[in-house]
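Throughout, read-outs are computed from the coordinates displayed, never taken from laboratory work. Just so it is clear, the model here is predicted, and its values are computed rather than measured. Positions of Cβ are generated from backbone atoms using ideal geometry, with glycine treated the same way; all protein chains shown enter the neighbour counts.
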Amino acid sequence: MKRTLDHVELRELRIFLVLAGELHFGRTAERVGVSQSVVSEAIRVLERRLGVRLFDRTSRRVRLTPAGGDLQKTLTPVIESLGRVLADVRDEANDVAGVLRLAPTLTTLLPPVYLLTGAFHARYPQCPVHLVTVDTQDPFAALRRGEVDVQVNWLAVDEPDLTVGPPIALYDRVVVVGPGHRLAKRESVSIEELAGETVHQPPPKLPATIADAVLPPKTPSGRPIRRAVIGHTSLAWASGSLLAAVGCGEIVHITMRGQTAYGFQSLVMIPIRDLPPTPLGLIWRTAAEDARIRALAEVASSQGPWPVPSSP
């Protein structure tokens, strides 16, 4: 009957080579860091799987059989070569070098991103960071395709294949209203005061956790904040539709203090005093984590969160 070798384990082969060199079960157990009974069992299992005796044992001595000697001679360079290969893989994984593709969206390409990349470059000049903006509507698609390494987004993520890293900034919440809105002259508002107001409908592919964190669908007491489609594109502000709708009082816009790149300066920004700040931070595919990503996260943890510039 032909024996299968599919279940021969590397641990058994390593124990065999140590015992072949020591010819003593006690010293072998000490070198490997296991008990003598574990060494004995590993050798018995290996002999059974190979179908051949590898050692002659008596109460006074242990010696290799001819088959054991042949195996030792053949196996030694193989195991040494395997060790070198594994060491090379480990060293490469631990080497913080090569391009790191950092991916904000159009709405998260904010000053703390540049502060992070500057701090990272100062510590790891051999690992340049390339900024690659990704789709705001479907932010994790490029990450999952392996086109980028780390995403910068709001840390409201519930995705089993993604790791949520450290925040790089904390953004206070504001509501943007038109100059004629009932709240326009207020110094601050409660989120409860926005019950019954209308905000724009988030893009359909935007993960619900991010959509709900950015544009709450209801107040903490459970009162609804309505959503409506504004304009003809899910990125309504690209055509000015969102700004126009806010300006004329059709909707309000809940956003983050410091996000002024879309013309909101001409409108009225009011702090929301009872919404906690929203963290902006790092997200990556768990299966793709490597030394570069860990190094970036460490820089973010040790130097961030960075301060957020105030809106003009």
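Worth pointing out:
- Contact order, relative form, for region 10-93: 26 percent (alpha carbon pairs under 8 Å, 6 or more residues apart, mean separation divided by residue count).
- Projecting the Cα atoms of V113, V129, T74 onto the dipole axis of region 1-159, where Lys and Arg carry +1 and Asp and Glu carry -1 at the beta carbon, places T74 farthest toward the positive end.
- Karplus 3J(HN,Hα) series, Hz, for region 145-157 with 6.51 cos²θ - 1.76 cosθ + 1.60 (x for Gly, Pro): 7, x, 7, 9, 9, 9, 9, 10, 7, 5, 7, 10, 10
- Residue order for V8, V177, fewest other beta carbons within 10 angstrom first, comes to V8, V177.
- By the count of neighbouring beta-carbon atoms within 10 Å, fewest first, M256, M269 end up ordered M269, M256.
- The angle between the Cα long axis of helix 10-22 and the main principal axis of the chain comes to about 40°, on a 0 to 90 degree scale.
- The aspartates and glutamates whose alpha-carbon is closer than 19 Å to the alpha-carbon of K73, local same-chain residues fewer than 8 away aside, are E9, E12, E22, E47, D56.
- Other residues whose C-beta falls under 15 angstrom from the C-beta of T255 contribute a net charge of 0, scoring Lys and Arg +1 and Asp and Glu -1.
- Semi-axes of the equivalent ellipsoid for region 10-93, computed as √(5λ) from the eigenvalues of its C-alpha gyration tensor and ordered from largest down, come to 24, 15, 11 Å.
- Neighbour-count ranking [beta-carbon atoms within 10 angstrom, fewest first] of C248, C127: C248, C127
- Alpha carbon centroid spacing (whole Å) that separates region 181-228 from region 48-70: 76 Å
- Computed over the chain, the ratio Rg/Rh where both radii use C-alpha atoms and Rh is Kirkwood: 1.27
- Sequence-distant aspartates and glutamates (8 or more away, or on other chains) whose Cα lies within less than 19 Å of K218: D172, E192, E193, E197, E250, D274
- Residues of type aspartates and glutamates that K205 reaches as a straight line, Cα spacing below 12 Å, ignoring anything fewer than 8 places off in the same chain: D135, D138
- Percent RCO, i.e. relative contact order, over the chain, from Cα pairs under 8 Å lying at least 6 residues apart: 22 percent
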